[in-house]
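Reviewing the structure listed below.
The values are calculated or read from the model by the stated rules, or taken from the named source; none is laboratory data. Here the structure is a predicted model, which means the values were calculated and not measured. Positions of Cβ are generated from backbone atoms using ideal geometry, with glycine treated the same way; all protein chains shown enter the neighbour counts. Heavy atoms of the whole protein, side chains included, go into the accessibility calculation; ligands, DNA and RNA do not. Shrake-Rupley method; radii C 1.70, N 1.55, O 1.52, S 1.80 Å.
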Amino acid sequence: MSVLQKLAQSRWFSPLALLAVWEAGSRLGLIPERTLAAPSAVAETLLGMLTSGELPSNLAVSFGRVLSGLAIGVTLGIVLALVAGLSRKGEAAIDPLMQIKRTIPTLALTPLFIVWFGIGETPKIALIAFASMFPVYLNLYSGIRGVDLRLLEGARSFGLTRAEQVWHVILPGSLPSLLVGLRYSLSISILVLVVAEQINASAGLGYLINNARDFMRTDIIVVCLMVYAVLGLAADWIVRTIENRALVWRPSLVKA
Amino acid sequence: MDARLNFLEAPIVPPAGDEPPVVRLRHFTRRFGDNTILSDLNLDIAPGEFVALLGRSGSGKTTLLRTLAGLDSAEDQDVTVPNSRAVVFQDARLLPWKKVWRNVALGLRGGDIKDRALSALDEVGLAHRVDAWPLTLSGGEAQRVALARALVREPKLLLLDEPFAALDALTRIKMHRLVLDLWRAHRPAVLMVTHDVDEAVALADRILVLDAGRICAQDRIAIPRGERGELARPYREKFLRILEGSAPSDAVIPFPAGGHQ
């Protein structure tokens, strides 16, 4: 089999071909720079932004927003799910409110959050927190409710106290659901970050994109899009790493 | 009034017991709504006695076991069960996220928990699997872990809820031997729920038959274990007939006609 044939069957082939066509199109003037910068120009810009420190510093700002928002949202989601999942009273108090909240698209709250919190960091973090709370809540809550009752009964027959049942049976049993929720929360937080950063930001990836739009710097816009994609991948990788460590007992992950 | 009815009215007291029974039920009744599962049940189990409870599906076997296990509350009823009791369920009910020895150690109080768990696992022949994840165990291994988990508590009452029903025939026979060895070593009173007459005849001192929420027959098996092969056949056939509901009342040998070994 020739090298070309091998290449044609590889999964890298079509993306590389697309890049080549894109580059050629730009070089031949078929794709004007103000529509879309050439891949080589994008790479050059990326390098320049990295060495000048422009990209790392703005990325750090965006990262900080996601982390603060997630920390608040995920914590709240976990606490509310525990209260609703572990007690009937808690369920009656919390679950209806969470279901009402679910029907409101978080991004539609942006104007209200700006009125409440101004245009600084607070509304951005609040939006991310608000959006990332629900997936964690919903999955953990249903995970707690879905814990195998037979296991719980077994634990009860050995005289475990209620607290021990929660610690040894309910929490580990609902951990897989929590991690699914966490994965959703991470991707939603990045989605909301994109929108939140359009609110009069003076730093961050959204600020870079807004600026670049004003100057029609499509190369910078593409660089920022790439960074968003990398953020998404990294978030997924983090959760998968946690899963591999926390769920080693699962048959698919157990090495016999 | 025939012998069987006489027997039903009398409280059931094992003859060998100088010691007070570990389990004592008097006129025990259990209803779910209009559905009476157990009615007016009397039962004594002596310390160290191995009792098998036979019955068809829906006869109330599991309800009785759950009551003795403390899983269903028995408020306002005359029920005595020891505080130290342990259950082995049909499905081993091991926590999949805890390694085998941690499952055995679950809920143990006091010191050297790990040593106790390890020696219990050694006793059931699983010393080599202490660090395994439960989902990698075979059915027989899982059930042995469940036995170790029950026995590590040194229970006065061991409750077995069809523990071998899901195992293949060969594994089941090995498990029977293991259960008898463990029972001889630790001497808990055992109540084993089963629908397998052969199993009951092979293992138990005394066999109870539960039907429609009442103990409709019982007998002691006087033949020593190990010599029960052919000699136990009359018991086997008798209990099969009782379960089928075709036994004439005089065919039921009322307790305490059988001797006690």
Counted residues, the range B:53-73 - those being in a helix (DSSP H, G or I), of a type in the set (D, E, K, R) and within 14 Å of chain A (Cβ to nearest Cβ): 1
Qualifying positions in the range B:74-116 - under 23 Å from the mean Cα position of the chain (by Cα), at pLDDT 90 or above and more than 9 Å from chain A (Cβ to nearest Cβ): B:Val88, B:Asn103, B:Val104, B:Ala105
Every residue from the range A:90-107 that is part of a helix (DSSP H, G or I), among the β-branched types (Val, Ile, Thr) and open to solvent by 30 Å² or more (accessible area, probe 1.4 Å): A:Ile100, A:Thr103
Test result for A:Ala235, at pLDDT below 90, surrounded by 13 or more Cβ atoms within 10 Å (Cβ to Cβ), under 20 Å from the mean Cα position of the chain (by Cα) and among the hydrophobic types (A, V, I, L, M, F, W, C): yes
Complete set of residues in the range A:171-210 that are over 14 Å from A:Val66 (Cα atoms) and touching an Asp or Glu at 6+ places or on another chain (Cβ under 6 Å): A:Leu179
Those residues of the range B:134-168 which are touching a residue at least 60 places away in the same chain (Cβ under 8 Å) and assigned to a loop (DSSP other than H, G, I, E, B), in sequence order: B:Arg153, B:Glu154, B:Pro155, B:Lys156, B:Glu162, B:Pro163, B:Ala165, B:Ala166
Enumeration of residues in the range B:117-132 that are surrounded by fewer than 22 Cβ atoms within 10 Å (Cβ to Cβ) and either within 14 Å of chain A (Cβ to nearest Cβ) or of a type in the set (Ser, Thr, Tyr) (or both): B:Ser119, B:Arg129, B:Asp131, B:Ala132
Counted residues, the range A:156-212 - those being open to solvent by less than 40 Å² (accessible area, probe 1.4 Å), touching a residue at least 24 places away in the same chain (Cβ under 8 Å), more than 14 Å from chain B (Cβ to nearest Cβ) and not hydrophobic (A, V, I, L, M, F, W, C): 6
Single condition A:Met49 does not satisfy, out of (1) out of contact with any Leu (no Cβ under 9 Å at 6 or more places or on another chain); (2) surrounded by 16 or more Cβ atoms within 10 Å (Cβ to Cβ); (3) within 30 Å of A:Arg27 (Cα to Cα): (1)
Failed criterion for A:Arg240 (all others in (1) crowded, with 16+ Cβ neighbours inside 10 Å; (2) away from every other protein chain (no Cβ under 14 Å); (3) closer than 22 Å to A:Ser132 by Cα hold): (1)
Total residues in the range A:1-25, condition surrounded by 10 or more Cβ atoms within 10 Å (Cβ to Cβ) and either β-branched (Val, Ile, Thr) or in contact with an Asp or Glu (Cβ under 7 Å, 6 or more places away or on another chain) (or both): 1
Search result, residues across the range B:105-128 that are under 21 Å from A:His168 (Cα atoms) and not in a loop (DSSP other than H, G, I, E, B): B:Ala105, B:Ile113, B:Lys114, B:Asp115, B:Arg116, B:Ala117, B:Leu118, B:Ala120, B:Leu121
From the options A:Val136, A:Val79, A:Val115, residue that is more than 14 Å from chain B (Cβ to nearest Cβ), touching a residue at least 40 places away in the same chain (Cβ under 8 Å) and of a type outside the set (Phe, Trp, Tyr): A:Val136
Evaluation of A:Leu253 against (1) on the phi < 0 side of the Ramachandran plot; (2) at pLDDT 85 or above; (3) of a type outside the set (Lys, Arg) (one fails), failing number: (2)
Residue list for the range A:139-155, restricted to those being surrounded by fewer than 17 Cβ atoms within 10 Å (Cβ to Cβ) and more than 13 Å from every other protein chain (Cβ to nearest Cβ): A:Ser142, A:Arg145, A:Gly146
